[in-house]
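Asks: Submitted below is the structure of interest, expressed as structure tokens.
Computed from the coordinates by the stated procedures, all read-outs in this text should not be read as laboratory data. All values reported here derive from a predicted model rather than from experimental measurement. No Cβ is skipped: glycine too gets one built from the backbone with ideal geometry, and neighbour counts run over all protein chains shown.
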Amino acid sequence: MHYNPFSIVVVPFPFADSSQIKKRPALVLSTNKFQIQTKHVTLLMITSALHSSWFGDYIIKDLETTGLSAQSIIRQKLFTIDMRFVIKMIGSLSSRDKTHVLLNFKKNISFND
């Protein structure tokens, strides 16, 4: 299965201080072509940990289409995993949130150097 950019999927995240794994949502960034060619998917972290902050965090405004059960933020922690580890797709971002996430991402990633 392949996922459209801005889909929200559930993936296993390891704990930093143990061997346990917890299921967490993540935002798909990679194209279908990338996923087909590499069998990997590029993601941004999604967290409901509103008490912590990270430079570039974006609070999701429209939860209705996301499949998320709590107010969440998209954190600019970029990672790529094997597609076999994607547990399921739960939703997608609204057009408004897509626009803001793209602007925020472009603002914090340099393509000119």
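Asks: Enumerate the lysines that K88 could reach by cross-link, defined here as Cα to Cα under 21 Å, with residues fewer than 8 away along the same chain left out.
Replies: Hits, sequence-local ones excluded: K22, K23, K33, K39, K77, K98.
Asks: May I ask you to list the aspartates and glutamates whose Cα is less than 16 Å away from that of K106, ignoring any residue fewer than eight positions away on the same chain?
Replies: Those aspartates and glutamates meeting the cut-off are D57, D97.
Asks: Let me ask something else. Report the per residue volume, in Å³, of the convex hull enclosing the C-alpha atoms of the chain.
Replies: Convex hull volume per residue, Cα atoms: 126 Å³.
Asks: Determine how many Å³ per residue the convex hull of the Cα atoms of segment 21-68 encloses.
Replies: 126 Å³
Asks: Using mean Cβ contacts within 10 Å as the protection proxy, how do 98-108, 71-81 order, highest first?
Replies: 71-81, 98-108
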